[in-house]
Structures are given as structure tokens and as C-alpha cells.
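As C-alpha cells, the structure follows; a few thoughts come after it.
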Amino acid sequence: MDNQSLNADILILEGLKFTPKSSIAAFIFLLLMYIFIMVANIGLVVLIFMERSLHQPMYLLFCNMSVNEVFGATIVVPHILRDLFVSDSERYIHYIVCVVQAFCVNLYGGVCHTILMTMTFDRYMAICNPLRYTIIMTNWMVVKLSVAAWAVVFVMVSILLSLTIRLSRCRRFIDNAHCDNASLFKLSCEDVVINQAFGLSYSVLLLGSSIGSVTLTYIKIATVCLRSKTKTINSKALQTCATHFTLYIILMFSAFIIIILHRFPHLSDHRKMVSTVGEVALPALNAVIYGLQIKEIRQKIVALFQRKGHLQ
């Protein structure tokens, strides 16, 4: 490979900084977390589709979240596992592969928010308009909400990455454990004001819509619960909304930390660590919180294990 093609097509990832001993511990931790993410999230999707009693809009929309978590973890974690035992000078990644990874990472992050917004709408209809819920939240509506959650982010991220790949590159060093849009446009020596402006606008639009819809919805739900004297409605609202809101707070907290740390180059090691932990912690928490907190899913999981115990 000549120097020209090397400089043009091959990038160097900084990766995570571990000592040889701590690299083994990090590898084992990340591998176990990745296996848990795959088994737990895929298992929940299979359980929901196999059990007819779980064929409800809330659970079917939740399948989107599990699929997205598996998608996000698979894009990043195996690559990091490989790089843990590779020297700094050998952490190469082809530019095209880096672009694809950046696209998928940004798609994963955006879809997390849009899926939670669709689930918020579902909870709003179930609690605030229970008589119209079955009429509005049909299977076709679930399909439309699911497609919209992915399609809107897909289009926005496509524009985001298109603005980045048009830039020429004068650097080869990716100051991150994996590729993302911000790391890619930092490779250019050209004016990146357009990239920064669109990226900021996209983030403000996505986070603003997310925060606005969730805040207004939960205010409305809280109002309905305070006015209602029916304990069943209040109990159901508390159970499902608490689960949804917990995931949302964790997601927002993680997103804001990463965005803030991107503004401080001297904290790049902290940003990489937070980003990596987020890639494994959020998908794992998603499966645990929904799998154990929601009564219907918890009962099905317990029944499944009891059935296997009797067979043995």
C-alpha cells in the first residue's frame, strides 16, 4: 500500500487507554455486557411476538427499542473489543467503514429519542383517552409510528453525513474509540461552520422535540391522574410511565454529558469512556428495566422459567 492511498483511505483510531492488565478486565466486562444485551433484548422481542397477550401497542413499540439497542451495541462494541488488544499505531479503520459506523452511531442515538417519543404518545392515548385508545392505536398506527421513528432520523442523519463526506481531509487521527460525525468533520482543514450549524440545529430539533413532547405529555398524564379517583388507572399510569420516564432520564443525561464533553478537547479520555459505557449500559438497562419492571413481561418471563423447570 503506497503512502498516498494510506493517507487518503486509512484513518487511525485513538481508542480507549488501558494498561495491559486493565485491558483484560475491560474486555471481559464489555464482552459479558454485549452478550447480555444481545440475549436480553432479542429474548424480549421473541417473547413479545410469541405471546399473544403481549401483542399490544406498548409492547410492539418497545420492540423497536430492543432492536435499536442490539443495532447500536453491535455497531460499536465488537470494534472496541478488537481494539483493546491492538497497539495505538495499529488501530486502523478504512474511511468508508468509518463513515458507515458514524452513520449508524448517529442513527442509533437519534432513533432512541424518536422511539421514546412514540412510546410517550402511546401512554398519553392509553391514560388520557382510554375510550379512543383501541380505535386510534391500531396495528397500522403502530407500523406508521415505528416507520416514522426510523425514517425521520435516517433522513436527518443522511444529510448530516452528506455534509461531512463532501469535505476534504488533511488529518487521519480520530480522537475517539469509534467513529461519529463530529470526529469525521474534525479531520478536515476546511471551514466546517455549515457542518457545525446543521449538527447543532439537528441536535436542538431532536432534543427539543423530545424534551417538549415528553414534558407536555407527562404534565397532562399527571393532571389526569390527580383528577382521577380510580386507583387502577393511577397504578397503571405510575407503573408504565415510571419505567418509560426512567429510561428517558438516563438517555438524556448520557446524551448531554457526551455533548458537553465534546466541547472540551482536554477531556477526550473522559468523553470516550462515557460514550463507551453508554453504548453498553443503556441497552442493558433497557432490557432490565422493561423486563423486570413491567408486570406482564415479568410474569411471562417467570412462567417461562417455571415451565422449563418442570420439563427438566
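The values are calculated or read from the model by the stated rules, or taken from the named source; none is laboratory data. Predicted model, so just to flag it, every value in this text is computed and none were measured. Please note: Cβ atoms are built from the backbone with ideal geometry, for glycine as well, and neighbour counts cover all protein chains shown. Just so you know, the surface numbers come from the protein's heavy atoms only, side chains and all, with ligands and any DNA or RNA stripped out. Shrake-Rupley method; radii C 1.70, N 1.55, O 1.52, S 1.80 Å.
Starting from the Cα of residue 171, step 7 Å along the direction of its Cβ; do the same at residue 29; then give the gap between the two resulting points in nm.
Spacing of the two 7 Å Cα→Cβ label points: 2.8 nm.
Once both labels are modelled 7 Å past Cα along the beta-carbon direction, what's the residue 220-residue 154 spacing in nm?
Simple spin-label model gives 2.8 nm for this pair.
With a 1.4 Å probe and all protein chains kept in place, how do 211, 28 rank by accessible area, largest first?
28, 211
Just to make sure I understand: if all protein chains stay in place, what is the order of 108, 218 by accessible area at 1.4 Å, largest first?
Highest to lowest solvent-accessible surface, that is 218, 108.
For segment 95-252, with every protein chain kept in place, what is the accessible area per residue (1.4 Å probe, Å²)?
Heavy-atom SASA per residue in segment 95-252 reads 49 Å².
In percent, how large is the relative contact order of segment 151-217, given Cα pairs closer than 8 Å and 6 or more residues apart?
Reported relative contact order: 30 percent.
Taking a probe of 1.4 angstrom, what is the accessible area of residue 90 in Å², to the nearest 10?
For residue 90, the solvent-accessible surface is approximately 110 Å².
On a C-alpha basis, how far is the centre of segment 127-199 from the centre of segment 1-80 in Å? Whole number, if you could?
18 Å
Mind checking the dipole of segment 29-187: about its Cα centre, +1 per Lys or Arg Cβ, -1 per Asp or Glu Cβ, Debye to the nearest 20?
380 debye
Between residue 147 and residue 21, what length in nm is gained on full extension when 0.36 nm per residue of separation is reduced by their alpha carbon distance?
Extending this stretch completely gives an extra 40.9 nm.
Once neighbouring chains are kept in place and the probe is 1.4 Å, which whole percent of the accessible area of segment 19-177 is contributed by carbon and sulfur?
Of all accessible area on segment 19-177, carbon and sulfur atoms account for 73 percent.
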